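Here, each number is a calculation from the coordinates, and none is a lab measurement. What you see is a predicted model; the values in this text were computed from it and never measured. Using ideal geometry, Cβ is built from the backbone for each residue, glycine included, and neighbour counts are taken over all protein chains shown.
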Amino acid sequence: MKLKTLLTVSTLATALVSQALPAAAQETLKIGAPLPLTGALSPEGIKLRQGYELWLDKVNSAGGIKAGDKQLKVELLFYDYQSVTPKAVQLAEKLISDDKVDLLFSPFGSGAAKAVSAVAEKYGVPLLASSASSAEVFDQGYKNLFGLYTDNSTLSEPIASLIQERLPNVKRVAILARNDLYPLSLANEFEKSAKKRGLEVVFFEKYPIGTLDHSSALTQLRAARPDWIVITGYINDLIIARKQAGELRVRGQVLTLINGPAYSEWINAVGPLAENVTTASWFHPVLNYKSEDVFGSTQNFVAEFKKKFGTEPDFTQASGAAVGVIAQLAVERAGTKNRDAVRDQLVKGNFKTFFAPVSFGPTGIANSYIPPVFQIQQGKVQVVLPAEIATSEFRTGIGH
Amino acid sequence: MLLLQVLTNGLALGGLYACIAVGFSLVWGVLNVINILHGSMIVLGGYLAFFAHQYFGINPFLFAPFAGAVLFVIGFAIQRLAINPVMGRPVLITLVLTFGINLFFDNAMLAAFNADYRKVIIDPPLGVFEIGSVLLPVDRLYATLLGLALVGALWLLLRGTQLGRAIVAVRMDRDAAALMGIDVRLTYAVAFALGAFMAGAAGALLSGIFPISPVSSGSYLGKAFVICVLGGLGSIPGVVAGGFALGVIESFGALAFGPEHALTISFGLLLVLLILRPQGLLGVKGFN
Amino acid sequence: MLRYSIIGAAVVALFVVLLAIGDNYLLRLATTVAMYVALASAWNIVGGFTGYPSFATAAFFGLGAYACGVAQTYGVPLILAWILAGAVTALFASGLGLAILHLRGHYFAIGSLVVADVLREITNSWTSLTGGGMGMNLPLIGGSTGSQAQFYLLAMVALAGLSLLAAVLIDNSKLGVALRCIEQNEDAAQVIGVDTRRAKVAAFTVSSLLVGVAGGIYASWVSYIDPIDVYDVSLSVKPIIMALLGGVGTIAGPVLGAFGFLALEELIWRNSLEFHAGILGLFVVVLVVFLPGGLRSLQGRNIWQLATAAFTKRWA
């Protein structure tokens, strides 16, 4: 009976699996995408998938990707890696060896992207990293890894320079960081940027993932009397942190919060406390690049995203679509889905996308654009840097 | 002055913490079940309050008893359907069972609400109390006072009503209670449902202050563990003491060792207390 | 004994076939199932033989993984790092056992459950040693993908075999008798002269040693670890589900349970992109409520009889 049960289960499994395999009809471009759809990273996983899907619908409704004289239908294979990094690695391997994908999109975040990049490298499959910005991900000399985001220091440096230039009396810096790969690495960059300019870091603390109450840390931070306050984390952390900093009357000349303040969710949640908060991000809907991809421009992308999902895209959602258009442009230019030819095109770079102009440096990390610095002014997101796309002047002081 | 502010920060969370943990303590004490589902029930209460606020403009603090009532019904059903068959079985079985229900519950919430954080926006903001130079946000004061009031109401219910006395009797001696004509099964279901009620109400109170998401259920559950062990199982005054103790310990711990060690301290304390004094600071046999 | 030999032979045959086919994804699944066998068998020594509801598997697994990771970063050779991982974990567990094994029932369950939380937070904040929330990269071993996959499968299967051997040896030793006595009635065991404390700590230590090595092998195998992943509470609960599935307290139960659980996990996961955790949760509920004796209670009866029996019992 026992054996029989097991046999039934395994036959059932085989039947279901073979059914799931698509019938080979038209030629397709297969892209594998391990996603964290459940578990701690599920908010990000769901967003990334929205970005992928918007691009996918757009491409396939236009008949697919034109590669040489063929039209390739795009097939995206999603699997849930449950926010567990090794599971993502396992899935990347499965996508390559079982599903025979032509390209891979990375799992979310720097750690998982780094772990998966080793598999991609082993099999020689180009891997587009949608959300990895820590330099350590790209220091392994891999030839198949391409990262959409620029290095974390490109977020800290412009803000630090701006402050040094406009506010020479800013001397004391306080940093509060989420103890998690990306926010922590970002906080370290801010510390470096501050020290490089002779500023004194008077407070540097980390808070555990999932912290609800920052009042103790902020009470201490306030006592350190900083001029410039930097808090890293995700949108929920920064809602709580901003609210509690307001309640505790934390004062200073500049308040920088990354990532979150550039999104209406955050601004609505904290209300007037959003005033004059600075942040930086690789993408924002106020940008306006003309692009050579399926969307044509940032504004058009934003409009289509809104139409499909009802909200403005944030940088994670935009990154999902951005790796899609980069893959598409690379395949179109290569004229084939052959991995080596596609990889050569990725190395050549120079993709004018709705996200930003994207080219990859020698390590594979994007180096062709500088993420803009934003400031919330009268409840609206304004670009204050770089000057070419600035929509407003930088202001000092933090609202209460 | 810094110390006074830190103390205030800690105390301001105490009543809310007590409210988070009291249902967990009740279920553990009366049913002898460690309810892994507790954190998720808190989150569901938070979502109910969020939607009530979004669609009907109801203040989340005032909504707390209604969120509790919805959870009461859900809790009653869960106990009857899934937990009752394993009553009296070893902790291994009951804990794994509630873990399984929790997997389902969490995933269902993820599917239904997406995982993005939602925040109830109280407009205009409630502001801040100033006592000398010590600052106390009004929303926290409300949440903590209401949390305490709910815990007090539960205490009165257990002490002053026939239902409450039945629950206490079942906790003290199940067989004797059955001999006295108490419907033990029904009492179990009601006690579990009351635990769910408190979780739902606590979730609604939390939603007035913090963003809510299915991924935070684990951290609420962790707090319930610590508070129960701190205060001792089976006593409502113990839970209140545990709640305030945790608030103050977290607050001063962060000051002394840095915020990154806040969790280490509270879990470490839990272990040490378990080893040295498993009955907790105020633990007693009957549920009072 | 004949039954064990048949099962053993079947497993070995399966293993040889796998190595011959050499599909990397299958090799990964096989390595996972071997790891599950090791974890479930190791847990069974404490949870099954002794009857202590231990939820400390994740703590030992994570500790082993990080001990191995740190050792490897300091240049300790691979196999030695695994042994070290086991030793560190066993040392920790013997101390922990002395402290918490006097707790019973729910208090022991909670105590063992939060050990992983404490270790995770310490790992998180000890950035200089562990990399904290940034995670840790382990050095890759050389060789082709295929040979690496085979190597780790071999290692994990060896560990699974070792766990089974440990279980069989303990089961047939004086320690085993002592543990069974404790399981039956700890106070009575003490009265008849069993040194219960020593027996419990010994069982806890052996069990943790195996789990620690499993964590070590896992760390080298996936080559990237982070605190959230290796101290995850599901690592504590899954081995218990496997043991429940196959039969708690038996030798073969955890093995069968590990295979059954992986098959189910994989099946559910493949067929539901977004709701697999929920379905798995439902499955756990059904298992615990309807099949308290595991798959073995299916013998000679069919599931509907069982279900109706359970229903009538509940509403009676």
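Per-structure values
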quantity: Part-to-part distance (alpha-carbon centres) for region C:42-89 and region A:48-127, which is given in Å; calculated: 34 Å
quantity: Environment charge of B:Phe257, counting only residues whose C-beta is closer than 14 Å and scoring Lys/Arg +1, Asp/Glu -1; calculated: -3
quantity: Unsatisfied cross-links (Cα-Cα over 18 Å) in the set A:Lys58/A:Lys306; A:Lys47/A:Lys348; A:Lys73/A:Lys307; A:Lys70/A:Lys122; A:Lys58/A:Lys308; calculated: A:Lys47/A:Lys348; A:Lys73/A:Lys307; A:Lys70/A:Lys122
quantity: Distance (nanometres) between label positions extended 7 Å along Cα→Cβ at C:Asn185 and A:Lys196; calculated: 7.4 nm
quantity: Debye, to nearest 20: dipole size of chain A, +1 on Lys, Arg Cβ, -1 on Asp, Glu Cβ; calculated: 240 debye
quantity: Selection from B:Gly29, C:Leu138, C:Ser125 lying farthest towards where the dipole of the protein assembly as shown points positive, charges on Cβ; calculated: B:Gly29
quantity: Rounded if a/c under 1.5, otherwise prolate or oblate - chain A, Cα gyration tensor axes; calculated: prolate
quantity: Antiparallel DSSP beta bridges within the protein assembly as shown, percent to nearest 5; calculated: 40 percent
quantity: Cα centroid of region B:242-272 to Cα centroid of region A:218-277, whole Å; calculated: 24 Å
quantity: For chain C, convex hull of alpha carbons as volume per residue, Å³; calculated: 156 Å³
quantity: Cβ charges +1 (Lys, Arg) and -1 (Asp, Glu), total dipole of the protein assembly as shown, debye; calculated: 1440 debye
quantity: MRE, 222 nm, helices only [DSSP H, n ≥ 4, -39500 (n - 2.57), over the protein assembly as shown, to nearest 500]; calculated: -20500 deg cm²/dmol
quantity: Cα-centred dipole magnitude for region C:2-308, charges only on beta-carbon of K, R (+1) and D, E (-1), debye, nearest 20; calculated: 600 debye
quantity: Positive-end residue of A:Ile389, A:Ile231, C:Val11, charge dipole of the protein assembly as shown with Cβ unit charges; calculated: C:Val11
quantity: Beta bridges per DSSP with both ends in chain A, % antiparallel, nearest 5; calculated: 30 percent
quantity: Leading residue at positive end of dipole, region B:98-159 (Cβ point charges), from B:Val120, B:Ile131, B:Leu158; calculated: B:Leu158
quantity: Pair C:Ser173, B:Leu276: separation of 7 Å Cα→Cβ label points (nm); calculated: 3.5 nm
